[in-house]
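The values are calculated or read from the model by the stated rules, or taken from the named source; none is laboratory data. These numbers come from a predicted model, not from an experiment. These accessible areas exclude ligands, DNA and RNA; they are computed on the full protein's heavy atoms, side chains included. Shrake-Rupley method; radii C 1.70, N 1.55, O 1.52, S 1.80 Å.
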Amino acid sequence: MADLVLVFGRNEWFTSNQRHHWAVKMKLTKNARSKARLAAVEAGLPVFDRAHVTAWISYPRASKADPSNAAPCVKALLDGCTDAGIWIDDNSDHV
């Protein structure tokens, strides 16, 4: 088992509810992907043939959150781990 903890600021996190211009969305996605890649490399995570990934997301407010809204950012994080070589691909054969 390995843990990778990433902390995002308010201006870094993005959700499916936000209606960003495509260029802003691309910048946010690139940042999240790069952040995950760098963190995975620095953590020295092993290479997994198969991995079960659990994303724990907390919000700094008291209201309820809709977890599925985190999908675009979490996808970028998985892609960043793929870029780091943590697994061969983020398809269902590996993740």
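A few notes on this one:
- Among Lys75, Lys35, the sequence by solvent-accessible area, most first, with a 1.4 Å probe is Lys75, Lys35.
- Under the Debye formula (equal points on every Cα, no solvent term), log10 I(q)/I(0) of the chain at q = 0.15, 0.17, 0.24, 0.25 Å⁻¹: -0.61, -0.77, -1.33, -1.40
- Rolling a 1.4 Å probe over the protein heavy atoms gives the chain an accessible area of 73 Å² per residue.
- Carbon + sulfur, % of accessible area of the chain - ligands and nucleic acids excluded, 1.4 Å: 56 percent
- The alpha carbon radius of gyration of segment 46-95, expressed as a multiple of 2.2 N^0.38 Å, is 1.34.
- Cross-link partners of Lys35 among lysines, defined as those whose alpha carbon lies under 18 angstrom from its own and excluding same-chain residues fewer than eight positions apart: Lys25, Lys27, Lys75.
- Residue-span extension gain [Phe8 to Val41] - 0.36 nm each, minus C-alpha spacing: 10.1 nm
- Helix 71-83 and the longest principal axis of the Cα set of the chain meet at an angle near 30°.
- Built amide H within the under 5 Å cut-off of Phe48, gap 5+: Trp87
- Tilt relative to the chain, helix 22-43 - C-alpha long axis, 0 to 90 degrees, to 10: 40 degrees
- Applied to segment 6-14, the Karplus parametrisation 6.51 cos²θ - 1.76 cosθ + 1.60 on θ = phi - 60° returns per-residue 3J(HN,Hα) values of 10, 10, 10, x, 4, 7, 9, 6, 9 Hz, with x for Gly and Pro.
- For the pair Lys75 and Ser63 in one chain, pulling the backbone fully straight at 0.36 nm per residue adds 1.9 nm over the alpha carbon distance.
- When the chain is treated as a Gaussian network with alpha carbon springs shorter than 10 Å, the biggest mean-square fluctuation among Ala43, Ala55, Ala23 belongs to Ala23.
- Added length on full extension, which subtracts the Cα-Cα distance from 0.36 nm per residue, His21 to Trp56: 9.9 nm
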